[in-house]
Each structure stands twice: as structure tokens, then as C-alpha cells.
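The values are calculated or read from the model by the stated rules, or taken from the named source; none is laboratory data. Being a predicted model, the structure only gives us computed values, none of them experimental. Because the Cβ atoms are built from the backbone with ideal geometry, glycine has one as well, and the counts that use them run over all protein chains shown. For the accessible areas, the whole protein counts, side chains as well, though only heavy atoms, and no ligand, DNA or RNA atoms are used. Shrake-Rupley method; radii C 1.70, N 1.55, O 1.52, S 1.80 Å.
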Amino acid sequence: MSDTPLDDESYRKQLLELSEQHAKERSELAGKISRLQQENFRLKNLLGLLASDDVGG
């Protein structure tokens with residue numbers, strides 16, 4: 001990036017690109033969080049089943 005000031009149109013274009021990039025990254029992170037929450041839920045259920053097997057046995 002240069003040290004020269006951006007004109008209004010260049011500034012708007014750069015801002016839009018950054019905004020779109022941010023939205024994409026947020027979406028990707030939301031997907032990762034969702035997968036981790038599902039895996040966490042699955043593991044908690046598995047641990048619960050193992051614990052109930054130990055108690056019952």
C-alpha cells in the first residue's frame with residue numbers, strides 16, 4: 001500500500017473489499033464454531049454414555 005492519500009472512490013472500493021473479506025472470514029469462523037460445537041456435543045454425549053455404563057456395571 002502506498003503512502004499517497006486515497007481519493008474517495010479508491011477509499012470506498014478498498015473499504016468495500018475489506019468489508020467483503022471480513023464477512024467471508026466471519027462466515028468461515030461461524031462454520032468452524034458450529035462444527036466444534038457439534039463435536040463437543042457428540043463427545044459430551046459419548047462421555048455421558050461411558051459414565052452411565054460404568055455406574056450401571
Output the residues belonging to the stretch 19-45 that are of a type outside the set (Asp, Glu) and open to solvent by less than 80 Å² (accessible area, probe 1.4 Å). 19, 23, 27, 30, 31, 34, 40, 43, 45
Count of residues meeting criterion [part of a helix (DSSP H, G or I) and surrounded by 10 or more Cβ atoms within 10 Å (Cβ to Cβ)] in the stretch 1-18: 9
